[in-house]
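First up is the structure itself, then whatever we jot down about it.
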Amino acid sequence: ITETAKTRMDVLIDAAKEFTKTVATNAKGKDGILGTEDDVDHRIALVGFAGGANNGYVETVIIKNKTKYGYGQSAQSVYASAFESMLSPNGETTVKDSIDKLVISSSTHIDNGLELANGIYSQNSGDDRNRVVVVFTDGVPGESEFWNIVGKSSETADNAIAQARI
């Protein structure tokens, strides 16, 4: 039997989909049936945070309904509607299909991804629910071309930590 080696991106996608499945299952409440009194409105928003050395934002995006909204004005336009409810009959499938749109694009800009997450939270602040950001990553923070230059990766990591504290 020959096994096919999985890439880091394959493993990331599998983990993100399993996380989505778990959240959707938990949204059904203790009885496990969607549409009953014990349901919990768990919601998921999906942000990608890859980029290239030239502009840094190539794949730093919000992905909603399999559509990518790029870093900047495009992403800002969907902050308020970025969450997908796991109470929706298609919520889990929609998020999983959107996860398939994630790509590797040379660099790992966790700081920019967390900036988008903060934007989503700022436009969805009307309730008192607990909020959690789960970061799945396949790489080292920063520009892959600069991993050997002292400070570049740690600068991106420090910026990510600052965004996480907001």
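The values are calculated or read from the model by the stated rules, or taken from the named source; none is laboratory data. What you are looking at is a predicted structure, and each value in this text was computed from that prediction instead of being measured. Quick reminder, even Gly has a Cβ in these numbers, built from the backbone with ideal geometry, and neighbours come from all protein chains shown. SASA here: full protein model, heavy atoms, side chains in, ligands and nucleic acids out. Shrake-Rupley method; radii C 1.70, N 1.55, O 1.52, S 1.80 Å.
What to note about this one:
- Extreme residue, surrounded by the fewest Cβ atoms within 10 Å (Cβ to Cβ), among residues of the stretch 141-166 that are at pLDDT below 65 and under 18 Å from GLY48 (Cβ atoms): SER144
- Residue within the stretch 28-40 that is under 17 Å from VAL134 (Cα atoms) and either in contact with a Gly (Cβ under 9 Å, 6 or more places away or on another chain) or free of Cβ contacts under 8 Å to residues at least 60 places away in the same chain (or both) present: no
- Hits in the stretch 73-93 - residues which are free of Cβ contacts under 8 Å to residues at least 24 places away in the same chain and in contact with a strand residue (DSSP E or B) (Cβ under 9 Å, 6 or more places away or on another chain): SER74, SER77, VAL78, SER81, ASN90
- All helices (runs of 4 or more DSSP H) inside the stretch 1-107 with 2 or more residues being within 20 Å of PHE136 (Cβ to Cβ): 8-27, 91-99
- Restricting attention to the stretch 1-25, the residues that are touching a residue at least 24 places away in the same chain (Cβ under 8 Å), within 24 Å of ASP127 (Cα to Cα) and either of a type in the set (Asp, Glu) or open to solvent by 60 Å² or more (accessible area, probe 1.4 Å) (or both) total 2.
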